[in-house]
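Student: Once you've had a glance at the structure underneath, I'll fire off some questions.
Any read-out appearing in this document is the output of simple, stated calculations on the displayed coordinates, not a laboratory observation. This is a predicted model, so every value here is computed, not measured. Cβ atoms come from the backbone with ideal geometry, glycine included; neighbour counts cover every protein chain shown.
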Amino acid sequence: MTFDARSVANFFIHRAAELDMQLTVMTLLKVLYFSHAWHLAKFDRPLIGQSFEAWKHGPVNRVVYNQFKDYGRRPIDRYAQSFDIKSATFIDTPFFFDSNTEKFLENIFDYYAKFHPFKLSDLTHEQGGPWDQIWSDADKRAVPGMVIPNELIARWFKGASALYWTDRERSRPS
């Protein structure tokens with residue numbers, strides 16, 4: 001099962017509030033990427049239904065970016081919204097996950113959200129990594145939408161050379 005990126009983003013916004021943390025757009029986008037990447041690596045399936053694109057400062061989920069782009073460096077103080085067909089209005093996108101997914105998301109957030117946004121950006125720019133491959137390919141050929149394929153992300157995060165590894169991420173589910 002994949003989730004709407006806004007649902008996962010709202011979970012992280014809620015988690016930041018629980019921990020009394022200020023969350024910027026840049027941090028949110030990077031933590032969202034890491035959660036998707038680790039989910040691909042650990043469970044062999046995507047967490048988020050919408051794709052990530054290679055932008056100047058790293059991987060970006062356009063759906064979430066569009067929700068919060070006006071915040072700049074200011075902390076996010078609201079939830080992402082989606083259109084509710086029943087009420088014909090925009091509502092805060094709900095975020096309900098099973099306990100295993102919730103624990104997974106908490107672990108990813110708690111680990112990565114403590115880093116400065118520029119450090120997170122540096123981590124996503126690792127030479128040979130998914131972002132770097134797409135960004136570099138764009139100099140040589142057309143890369144439609146600068147989309148970073150899930151297969152490329154999964155292969156990289158499963159590899160032992162990635163800077164992203166921590167002891168927690170090295171353990172795979174049984």
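Student: Sum -39500 (n - 2.57) across every DSSP H segment of at least 4 residues in the chain, then divide by the residue count to get the 222 nm mean residue ellipticity, nearest 500.
Tutor: Taking each H run of at least 4 residues, the total per residue is -14000 deg cm²/dmol.
Student: Using amide H atoms built 1.01 Å from N in the peptide plane, name the residues 5+ places from I48, or on other chains, whose amide H lies under 5 Å from its own.
Tutor: Placed amide hydrogens put F3 under 5 Å from I48.
Student: Rank the residues W131, W55 as a footprinting-exposure proxy: fewest other Cβ atoms within 10 Å of their Cβ go first.
Tutor: The order, fewest Cβ neighbours first, is W55, W131.
Student: Residue by residue through the stretch 94-109, which ³J(HN,Hα) values in whole Hz follow from phi under the Karplus form 6.51 cos²θ - 1.76 cosθ + 1.60 (θ = phi - 60°), with glycine and proline marked x?
Tutor: After applying 6.51 cos²θ - 1.76 cosθ + 1.60, I find x, 9, 10, 9, 5, 5, 5, 5, 4, 5, 4, 5, 4, 4, 5, 4 Hz.
Student: For the stretch 94-142, what value does the Rg/Rh ratio take when both radii are computed over Cα atoms and Rh is the Kirkwood radius, given to two decimals?
Tutor: Answer for the stretch 94-142: 1.17.
Student: Just want the ordering: L29, L123, L47, from fewest to most Cβ atoms lying within 10 Å of their own Cβ.
Tutor: L123, L47, L29
Student: Also: Taking a ≥ b ≥ c as the square roots of the eigenvalues of the Cα gyration tensor of the stretch 60-109, is the shape rounded (a/c under 1.5), prolate (a/b larger than b/c) or oblate?
Tutor: oblate
Student: What does the charge count around P59 come to, taking other residues whose C-beta lies under 10 Å from its C-beta (Lys +1, Arg +1, Asp -1, Glu -1)?
Tutor: Net charge around P59: 0.
Student: Looking at the square roots a ≥ b ≥ c of the eigenvalues of the Cα gyration tensor of the stretch 1-74, which shape do they give, rounded for a/c under 1.5, prolate if a/b is larger than b/c, or oblate?
Tutor: Oblate, because a/c is 1.5 or more while a/b does not exceed b/c.
Student: Further question: Provide R15, R141 in ascending order of the number of other Cβ atoms located within 10 Å of each residue's Cβ, fewest first.
Tutor: In order of increasing Cβ crowding within 10 Å: R141, R15.
Student: Continuing with the same structure: With contacts defined as alpha carbon pairs under 8 Å and 6 or more residues apart, what's the relative contact order of the chain in percent?
Tutor: Rounded, it is 30 percent for the chain.
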